[in-house]
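Below you'll find the structure, written out as structure tokens, and then a few comments.
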Amino acid sequence: MEKILAGIGAVLATLIVLAIFLTNHEVAQRHAKTSVAMFDLDPAQVDRIAIEGAADQQTVLLRSGDGWRLPDFGNFPADRQRIEDMLHRLLAIREDFPVDSSPEALIRFKLADDDFERRIILSGGDKTLATLYVGTPEGPRQVHARRAGSDDAYAVAFGLFDVPLAAADWTDKGVAQIPQDDIVALQVNGLHLVAPIAGDAGTAWQLDGDAEGSPEGAELKPAAAVRLASRLSALRVEQVLGTETDPGDGLAEPQLRLGVTRKDGKRVDYRLGRAAMTGVYTLKVSTRPEHFRVSSYTAHQLIEAARRDTLLAKPKQNVAAPLSN
């Protein structure tokens with residue numbers, strides 16, 4: 001009897017597991033049919049993004065060649081990676097099960113045509129491709145959203161952080177960078193540093209000529225030159241300050257002057273000034289008309305990497321051999 005009961009129990013357990021599996025499979029199949037992409041678009045189709053907020057606030061992003069620009073912010077370069085990440089998240093939104101569709105809910109969620117947190121308009125070739133209304137937060141990195149032309153509100157994986165309204169938040173913070181492999185020479189603090197020959201593993205950074213005012217026999221520390229070049233390739237600005245000169249920014253007597261010769265033979269000059277009153281660092285690069293604010297941490301790293309005693313090794317001391325008897 002015990003064996004029979006055990007067998008019946010095993011069969012029942014198997015049937016229960018099978019029933020659960022079939023139910024979950026059916027739900028998954030039904031969900032797959034109802035969950036579709038909110039927008040059937042390829043990011044490459046989008047060449048204009050308008051981000052609108054309350055009180056007629058708006059930021060426009062325009063595709064320019066292989067990058068993006070801010071036409072209402074002096075046509076300044078925009079952060080390409082941030083825009084592409086935002087587009088990827090937006091076009092990954094799926095219409096699952098709506099949380100509500102009533103007019104009252106759209107007002108409560110701030111998804112009405114005339115009352116919203118954000119309205120994002122994607123265009124391509126002067127044609128509106130998609131419009132998304134973004135409303136109140138639903139949870140961490142989740143908001144209520146609605147597609148234009150639909151009354152359905154969804155809770156989606158997106159955030160107001162993904163679409164800031166201020167144009168300054170979209171600027172390319174790496175606009176002053178020079179790729180490290182594009183640097184062939186550096187001129188700083190009386191030193192002329194020459195990069196290794198591309199493709200020649202046997203060469204390293206070298207000092208071209210005698211260093212001005214350096215002790216006889218001083219040599220370049222190649223690793224220090226590499227570090228300085230890497231600082232330039234990773235240089236990020238904090239804020240665009242405009243094109244007007246400020247007499248108090250310290251650029252007239254800069255903390256650092258640095259010249260870079262690129263592969264194409266063009267020279268790029270950097271000046272880094274420190275305001276006496278506030279201690280704020282301002283950067284001017286010859287390739288841009290604007291001035292930039294940089295963090296104290298970034299400025300100190302660059303200044304330290306460009307110091308003569310950072311770049312030059314101390315000359316070796318000649319030790320006289322002992323006299324033999």
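The values are calculated or read from the model by the stated rules, or taken from the named source; none is laboratory data. The structure presented is a predicted model; accordingly, all values stated were derived computationally and were not measured. Note that each Cβ is placed from the backbone with ideal geometry, even for glycine, and that neighbours are counted across all protein chains shown. Accessible surface is based on the protein model in full, side chains and every heavy atom, while ligands, DNA and RNA are left aside. Shrake-Rupley method; radii C 1.70, N 1.55, O 1.52, S 1.80 Å.
For Ala185, list long-range residues whose amide hydrogen, built 1.01 Å from N in the peptide plane, is under 5 Å from its own amide hydrogen.
Amide H to amide H, under 5 Å and 5 or more residues apart or across chains, Ala185 pairs with Ala195, Thr261.
Which cross-chain or sequence-distant (5 or more) residues have an amide H under 5 Å from the amide H of Glu219, H modelled 1.01 Å from N in plane?
Ala313
Quick one: 3J(HN,Hα) in Hz for region 51-57, Karplus 6.51/-1.76/1.60 with θ = phi - 60°, rounded, Gly and Pro as x.
Running phi through 6.51 cos²θ - 1.76 cosθ + 1.60 with θ = phi - 60° gives 10, 10, x, 5, 6, 6, 6 Hz.
Can you work out ³J(HN,Hα) from phi for every residue in region 84-91, in order, using Karplus 6.51 cos²θ - 1.76 cosθ + 1.60 and θ = phi - 60°, giving whole Hz and x for Gly and Pro?
5, 5, 5, 4, 4, 5, 5, 7
Expressed as a whole percentage, what fraction of the accessible surface of region 49-126 belongs to carbon and sulfur atoms when a 1.4 Å probe is rolled over the protein heavy atoms?
Answer for region 49-126 is 45 percent, counting heavy atoms of protein chains only.
Heavy atoms only, probe 1.4 Å: what % of the accessible area of region 128-191 goes to carbon and sulfur, would you let me know? Write out the running numbers ahead of the final one.
Details: 1210 of 2420 Å².
On region 128-191, the fraction of accessible area on carbon and sulfur atoms equals 50 percent.
Once you sort the root eigenvalues of the Cα gyration tensor of region 50-121 as a ≥ b ≥ c, which label holds: rounded (a/c under 1.5), prolate (a/b larger than b/c) or oblate (the other case)?
oblate
Over region 89-196, average the accessible area per residue using a 1.4 Å probe and give it in Å², no decimals. Can you show the working numbers first?
Numbers: 4840 Å² over 108 residues.
For region 89-196, the solvent-accessible area averages 45 Å² per residue.
Kindly write out, for region 154-163 in residue order, the coupling ³J(HN,Hα) from the Karplus curve 6.51 cos²θ - 1.76 cosθ + 1.60 (θ = phi - 60°), rounded to whole Hz, with x marking Gly and Pro.
10, 9, 10, 7, 7, x, 4, 4, 5, 9
Quick one: pull the percentage of alpha-carbon pairs in region 33-72 with a separation above 15 Å.
56 percent
In nm, give the distance between the simple-model label positions of Val99 and Ser295, each being 7 Å from the Cα along the Cα-to-Cβ direction.
It is 3.4 nm.
Hey, could you grab the Kirkwood Rh for region 241-317? Inverse mean 1/r over distinct alpha carbon pairs, Å, one decimal.
Working: mean 1/r = 0.0730 Å⁻¹.
After inverting the pairwise mean of 1/r, the radius is 13.7 Å.
Alpha carbon centre of region 59-118 versus region 150-196: separation in Å?
The distance from the Cα centre of region 59-118 to that of region 150-196 comes to 20 Å.
Using a/c under 1.5 as the rounded threshold, could you call region 28-186 rounded, prolate or oblate? The axes a ≥ b ≥ c are square roots of the C-alpha gyration tensor eigenvalues, and prolate needs a/b larger than b/c, oblate otherwise.
Cα axes put region 28-186 in the prolate bin.
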